[in-house]
C-alpha cells in the first residue's frame, strides 16, 4: 500500500525530476484510514498530490505523498429540474468533468475547460479562467480530517474562496483531504458568459449568433490550445503568477506612464492588471535562460525546456518578479506551490 522512493517526475506537469520517500494512492476513504493508521503516516510530513499541475519540486519530498485516485461522477436533479447537483470524486480529471457536463448539456463550468489538474485540487486553488471561477458553482466540498479521520462537508461560504485562494491553502484547511466536490449547474436556461475579451473574439470569428454552452466550451479549448503549451509535451504549470490587484492611485500613475495598460475594475478603489502584460513589458516574453523560459505566445506561462530543476524554475521566476517590481512597483505573486 505504501511505496518507498517513488518517482514523481510524471506526477507534476512541470516534469521536474523528484522522488518521494514514501508514496500511497487513495482509491477509497477506507484506504486513507488504513494509511492514517500506519507508522509512516504518524511519523512523517504529508503532501496531498493530485494532478501535480500547480507545484514545483525544488527537492525530493522527505515524507509521505498521498495521491487521490477516487473516481466517480453523479448527477442529481434539484427543485424544478432547472438545476442539478454534480458530484465528482477527487481523482477525476477536471477537464474530463467539464467535457462530461457539456455533453450532458449541464452549464456553468464550460468557461473552465482544459484547465489541467484533478477535481480534488480545483477548490484549493479556486481555479478560474475566462471570467469564471470554481467558486461561482461550488455547492459543497467533502473532506476527511487528516488529524482525526472525521468527515466534514464544507459549504461554499465555509470554503472562504478568494482570487486563486481558499481555506484549503491556509493552515486551518491544510489538514483536510478533499474526497469530492459538488457543483450546482444548470440543466436548462443556461447563463452564457462570453464577456471575456479573448473569448469574445474567438466566438465572433465562429460567427455564432445564439451561443450555447458547447460553443463556449469549443472556443475556450481552441484558444487555450492555440495560446498555451501542452504540459505533456512542454513542462509547465499553466499560469505561473496571479493577476495583481492594485490601488486606484497606483493605477492612475501607471496609466499616465503607460496609456495602453489593460485593466479590469474590481471596485472604486481596486484595479486588476494582467500579469502577462507586465511580464511582456518587462521584456520576458519568449526569453530563455538555460533550460527555463517564458512561453512565446503567453507571457504568464513559464516552461521547462527540458531537464530543468525546480530551483532553476524558482530562480527564473524570481528574476521576473524583481524586474516587474522595479519597473512598475508591483509585486507579482506566484500561483504555484513551492515544495
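Length gain on complete extension for the stretch residue 45 to residue 201, per 0.36 nm per residue less the alpha carbon to alpha carbon distance?
Values: separation 156, 0.36 × 156 = 56.16 nm, distance 4.71 nm.
Value of the extension gain: 51.4 nm.
Antiparallel versus total DSSP beta bridges in the chain: what percent is that, nearest 5? The partial results should precede the final answer.
Working: 49 of 60 bridges.
Of the beta bridges lying entirely in the chain, close to 80 percent run antiparallel.
Return the whole-Å distance between the Cα centroid of the stretch 5-81 and the Cα centroid of the stretch 96-119.
22
For the stretch 221-293, what does the convex hull of the Cα positions come to per residue, in cubic angstrom? Don't jump to the answer; show the numbers that get you there.
Working: hull volume 8.6 nm³, N = 73.
Residue-normalised Cα hull volume stands at 118 Å³.
Extending each Cα 7 Å along its Cβ direction at residue 314 and residue 104, get the distance between those two points in nm, one decimal.
4.1
At q = 0.19 Å⁻¹, what is the base-10 log of I(q)/I(0) for the stretch 282-339 according to the Debye formula with one equal point scatterer per Cα and no solvent? Please give it to two decimals.
Results for the stretch 282-339 at q = 0.19 Å⁻¹ read -0.66.
Mind jotting down the distance between the C-alpha centroids of the stretch 271-321 and the stretch 162-185, whole Å?
About 28 Å separates the Cα centre of the stretch 162-185 from the one of the stretch 271-321.
Rule-of-thumb check for the stretch 235-338: C-alpha Rg over 2.2 N^0.38 Å? Before the final figure, lay out each step's value.
Values: Rg = 14.0 Å, N = 104, 2.2 N^0.38 = 12.8 Å.
For the stretch 235-338, the normalised Cα radius of gyration is 1.09.
How far apart, in nm, are the 7 Å Cα→Cβ label points at residue 256 and residue 10?
With each label placed 7 Å out from Cα toward Cβ, I get 5.7 nm.
If you average 1/r across every pair of different Cα atoms in the stretch 72-231 and take the reciprocal, what Kirkwood value do you get, in Å? Don't jump to the answer; show the numbers that get you there.
Working: mean 1/r = 0.0616 Å⁻¹.
Roughly 16.2 Å, rounded to one decimal.
What value does the stretch 50-109 have for Rg/Rh, both radii from Cα atoms and Rh as Kirkwood defines it? Walk me through the numbers on the way to the answer.
Details: Rg = 16.0 Å, Rh = 14.0 Å.
Radius of gyration over Kirkwood radius for the stretch 50-109 works out to 1.15.
Could you pull the Cα extents of the stretch 1-109 along its three principal axes, largest to smallest, in whole Å?
51, 32, 16
For the chain, what is the relative contact order in percent, using Cα pairs closer than 8 Å and at least 6 residues apart in sequence?
Computed value for the chain: 17 percent relative contact order.
Counting each pair of different Cα atoms once, what's the Kirkwood radius of the chain in Å, rounded to one decimal?
By the Kirkwood definition, the hydrodynamic radius is 21.2 Å.
Calculate how large, on average over all directions, the projected area of the Cα convex hull of the stretch 110-180 is; give the answer in nm² to one decimal.
Working: hull surface 18.1 nm².
Across all orientations, the stretch 110-180 yields a mean hull projection of 4.5 nm².
Can you order the peptides 125-132, 283-290 by their average number of other Cβ atoms within 10 Å per residue, highest first? Mind dumping the intermediate values first?
Numbers: 125-132: 20.6, 283-290: 14.8.
Highest-to-lowest ranking by the protection proxy: 125-132, 283-290.
Rule-based calculations on the coordinates, nothing more; no lab input. What you see is a predicted model; the values in this text were computed from it and never measured. Using ideal geometry, Cβ is built from the backbone for each residue, glycine included, and neighbour counts are taken over all protein chains shown.
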